[in-house]
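Asker: Take a look at the following structure, please.
The values are calculated or read from the model by the stated rules, or taken from the named source; none is laboratory data. It should be emphasised that the depicted structure is a prediction, and the values quoted were computed from it without experimental measurement. All Cβ positions, glycine included, derive from the backbone under ideal geometry; neighbour counts span all protein chains shown. For the accessible areas, the whole protein counts, side chains as well, though only heavy atoms, and no ligand, DNA or RNA atoms are used. Shrake-Rupley method; radii C 1.70, N 1.55, O 1.52, S 1.80 Å.
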Amino acid sequence: MCGITGILSFNVVGRMQLVHLEQATRSLEKRGPDHHGSWFDESVGLGHRRLSIIDVSPEANQPFWDASGRYAIIYNGEVYNYQELRARLKAGGVNFRTTCDTEVVLQAYMTWGEEAVRKFNGFFAFAIYDTHRKSLFLARDRFGIKPLLYYQDDDKFIFASEMKSLLAYGIPKVIDQTSLHQYFQLTYVPDNQSMLDGVKKLQPGHCGHVIEGEATFSPYYAINPQNDVAITFEKAKEQIIEKIRKSVDRRLVSDVPLGAFLSGGIDSSVIVALASERVSDLKTFSIGFKDNRYFDETQYANLVAEKFKTDHQVFKLSNDDLLQHVGDIVDYIDEPFADSSSIPVYILSQLTKEKVTVALSGDGADEVFSGYNKHAAWDMSYQQSSFNRMVQLGRWFWKYLPKSRYVKLTDRFRQLDRYASILKLSPAEKYWFLAAFIREEQVAKMLANPVSPALIEDRFKSLTLGISPDLNTMLARDVSIVLPGDMLRKVDLMSMANALEVRVPFLDHEVVDFAFSLPAEFKVQGKNRKILLREAFRQILPEELYSRPKHGFEVPIMSWFKKELKLELSRYVFDRDRIEAQGIFRWQEISKIRRRLHSMDPADVHIKIWSMYVFQKWYERYIGS
């Protein structure tokens, strides 16, 4: 796990930008505190920050060169089957001088070319420079677990693990208005674009070359939802246990201390159960919430820890603990990202890092095996039921009832209103509605610069292409949109801010491919979600995990807005002079948001405010006051 950056210049003007390589590399220090390496000649520069995990010796530092001096690699990630690939390459006559997976990745590319990427099982973003062809080869893992951003103009091509590194090269700071629009809908920028015009992200499962001023990328992997109708549910349970077990085994290779997150839910408990088969006294980590007992699941985590005899540690947090880290988190975010659950993830990563350098996580299971309410809503919405007819008939009634996430009754009104809204939508429209927190027309009112409907439509089509009523196509979109844009980005940002590597066994491509070969009814039936995963491990996990309601943690930002963060909001969100001077938002709409915050019907106003706050802090730090 590391941070990478580089520049390939096309002319004299581009070569002048090589002077920024060292600063661009230093900006990634938190991702890799163990070593700083860089190399450049008259036309190319490569920078690397290392977090040592496998072969911690200096010989494995980067940029890493092959023996001939023709190829150099900078690499972020882990290839878990590197020992198998190393054996194949050695059998073919390749000599190795280290035991690290970095050298295996480089030698695999030198032996098999672009085809090597399909042989890798792991998560990665890397660049290989060929001094003979004066070309770069770049690749990103199948699901976008590791980030890779890039910017190209007539003079140069630059790339990096984080936006702040690209900014060190002095690229233009022009906001992409369509991305801004989507950010306020989703609380994140979809992974095919960025908040800055001209900055793009290499898509998950893509690779390609930059040569003679041209960058060409293409997919080497894509999910293909195909129902294997011949398999029985019982057989599917047997196979998924074995595939996840193998995935966990692959992710236990480490030359530094390793542990696992343990929330007390099914997903992390599955990972801990399987990892404990191979690791005695596995170190596990949970966070609890002193001031939010409803959301505190540590009692269930303790049951799992006791059953599998792990070395378990619980970090009990108060609301003040959460609040005091807000500044550090917002300062680290170099592209607006308003998922407030980043706060507990940051703290968990920080405290876990004090004990281990690598942690296994249950992330990805909800998207692959169907764990969200929206998945059940999707499935139910295509059924001819009396409930659907009742909800549709009451649509105008739900619309005018008070709606808030923080009271059980009003939250139910909110859910009924959203569900009624999707019943008559096309699959693509339905997906986007369920993915978004704020409706398009509400965002349009907030923004001072109208976005062309054609641009919004183009982005919408690119993100929802191929969606049909089949649940598997919805899940495939979640894996390609929600995972890299939100869930994986959150984990990468918050763990790397603390130099902690987080591995995600549910996103082994063999697990994912098998899951998408199964019928939708193996995953969702009515309100029952994640059926296959839950039933496959029922005989292994404590029964108490199956007889309790699922509680998603809500960061208490609404109360902070009215008390502890009130002055911050007055400065960054509700300052009329600031808003009007920026020319990005309409003050009239922002003032309405402030009034609704203090009303009896706040609905989802806290999402708008948190998104505004994160954006404004980012804007001040990276764009200009």
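Asker: Please work out the Cα center distance from the range 416-436 to the range 531-595, rounded to the nearest Å.
Answerer: Distance between centres, Cα-based: 21 Å.
Asker: List the trypsin sites (Lys or Arg not before Pro) in the range 48-132 that DSSP assigns to loop (not H, G, I, E or B) and whose Cβ has at most 11 other Cβ atoms within 10 Å. Which are they?
Answerer: Values: sites: ARG49, ARG50, ARG70, ARG86, ARG88, LYS90, ARG97, ARG118, LYS119; in loops: ARG70, ARG97.
Answer by residue number: ARG97.
Asker: While we're looking at this one, here's another question. If you take the square roots of the eigenvalues of the alpha-carbon gyration tensor of the range 83-176 and sort them as a ≥ b ≥ c, do you get rounded (a/c under 1.5), prolate (a/b over b/c) or oblate?
Answerer: On the way: a/c = 2.82, a/b = 2.01, b/c = 1.40.
Prolate, because a/c is 1.5 or more and a/b exceeds b/c.
Asker: Using heavy-atom solvent-accessible surface (probe 1.4 Å) with all chains present, what is the largest-first order of LEU455, LEU532? Please report the intermediate quantities before stating the final value.
Answerer: On the way: LEU455 90, LEU532 0 Å².
Per-residue accessible area, sorted high to low, gives LEU455, LEU532.
Asker: Hey, another quick one. Among the GluC sites (Glu not before Pro) in the range 179-261, which ones are in a DSSP loop with at most 15 other Cβ atoms within 10 Å of the Cβ? Mind listing them?
Answerer: On the way: sites: GLU212, GLU214, GLU234, GLU238, GLU242; in loops: GLU212.
Taking the range 179-261 and a limit of 15 other Cβ atoms within 10 Å, the loop GluC sites (Glu not before Pro) found are GLU212.
Asker: Would you list, by chain and number, the aspartates and glutamates whose Cα falls below 20 Å from the Cα of LYS290, excluding same-chain residues fewer than 8 positions away?
Answerer: Answer for LYS290, where 20 Å is the Cα cut-off: ASP320, ASP321, GLU554, GLU564, listed by chain and number.
Asker: May I pose another question? Sort HIS606, HIS36 by heavy-atom solvent-accessible area, probe 1.4 angstrom, most to least. Please list the in-between numbers first.
Answerer: Working: HIS606 10, HIS36 60 Å².
Descending accessible area places them as HIS36, HIS606.
Asker: On to the next question. At a 1.4 Å probe radius, carbon and sulfur cover how many percent of the accessible area of the range 504-592? Let's see the in-between values first.
Answerer: Working: 1820 of 4080 Å².
It is 45 percent, rounded to a whole number.
Asker: Now a separate question. Within the range 1-91, what whole-number % of the accessible surface is contributed by carbon and sulfur, with the 1.4 Å probe and all protein chains included in the calculation?
Answerer: Numbers: 1840 of 3550 Å².
Roughly 52 percent of what the probe reaches on the range 1-91 is carbon or sulfur.
Asker: Can you grab the distance from the C-alpha centre of the range 1-64 to the C-alpha centre of the range 478-521, Å, no decimals?
Answerer: 26
Asker: Near LYS173, which lysines are there with a Cα under 28 Å away, not counting those fewer than 8 places off in the same chain?
Answerer: Those lysines meeting the cut-off are LYS30, LYS146, LYS156, LYS164, LYS200, LYS201, LYS445, LYS461, LYS490, LYS608, LYS617.
Asker: Another question, then. Aspartates and glutamates near LYS309 by alpha-carbon distance under 15 Å, same-chain residues fewer than 8 away left out - which ones?
Answerer: GLU277, ASP281
Asker: For a test of the definition: using alpha carbon positions, the gyration tensor, and the 1.5 limit on a/c, classify the range 4-75 as rounded, prolate or oblate.
Answerer: Details: a/c = 3.31, a/b = 1.45, b/c = 2.29.
Since a/c reaches 1.5 but b/c is at least a/b, the shape of the range 4-75 is classed as oblate.
Asker: Something else: HN-Hα J couplings of the range 365-381 from phi, Karplus 6.51/-1.76/1.60, θ = phi - 60°, integer Hz, Gly and Pro as x?
Answerer: Calculated HN-Hα couplings, in order: 5, 5, 6, 7, 9, 6, x, 9, 4, 5, 5, 5, 4, 4, 5, 5, 5 Hz.
Asker: If you don't mind, there's one more thing I want to ask. Based on the alpha carbon coordinates of the chain, what radius of gyration and maximum Cα-Cα distance (Dmax) apply, in Å?
Answerer: Rg and Dmax of the chain, Cα atoms, are 24.2, 73 Å.
Asker: Suppose a student asked you for the relative contact order of the chain, using Cα pairs under 8 Å spaced at least 6 residues apart; what percent would you report?
Answerer: In percent, rounded to a whole number, it is 16.
Asker: Just to be sure I understand: if I project the alpha-carbon convex hull of the range 344-400 onto a plane and average over all orientations, what area do I get in nm²? Display every interim value, and only then the final one.
Answerer: Values: hull surface 26.7 nm².
The orientation-averaged projected area of the Cα hull of the range 344-400 comes to 6.7 nm².
Asker: Out of residues 5 or more away from ARG503 or on other chains, whose amide H comes under 5 Å of its own, with H placed 1.01 Å from N in the peptide plane?
Answerer: For ARG503, the qualifying residues are ALA359, LEU360, SER361.
Asker: What shape does the range 404-504 take by its C-alpha gyration tensor, where a ≥ b ≥ c are the square roots of the eigenvalues and a/c under 1.5 counts as rounded, a/b above b/c as prolate, and the rest as oblate?
Answerer: Numbers: a/c = 1.40, a/b = 1.27, b/c = 1.10.
Rounded is the answer for the range 404-504, as its axis ratio a/c remains below 1.5.
Asker: Leaving out ligands and nucleic acids, and using a 1.4 Å probe, what accessible area per residue does the chain come to in Å²? Spell out each step's value before the answer.
Answerer: On the way: 24710 Å² over 625 residues.
Heavy-atom SASA per residue in the chain reads 40 Å².
Asker: Computed over the Cα atoms, what is the radius of gyration of the range 472-625 divided by 2.2 N^0.38 Å, N being its residue count? Write down the numbers at each step before the final one.
Answerer: Working: Rg = 21.2 Å, N = 154, 2.2 N^0.38 = 14.9 Å.
So the range 472-625 has a normalised radius of gyration of 1.42.
Asker: Can I ask one more? Run lengths n ≥ 4 of DSSP H only: what is the helix-derived mean residue ellipticity at 222 nm for the chain, with -39500 (n - 2.57) per run over all residues, to the nearest 500? Kindly include the intermediate steps, with their values, before the conclusion.
Answerer: Numbers: 30 runs with 261 residues, N = 625.
Per the formula, -11500 deg cm²/dmol.
Asker: Return the carbon/sulfur percentage of the accessible area of the range 397-489, one whole number, probe 1.4 Å, all protein chains in place. Mind dumping the intermediate values first?
Answerer: Numbers: 2620 of 4270 Å².
The nonpolar share, carbon plus sulfur, comes to 61 percent.
Asker: Could you pull the accessible area for HIS325 with a 1.4 Å probe, rounded to 10 Å²?
Answerer: 20
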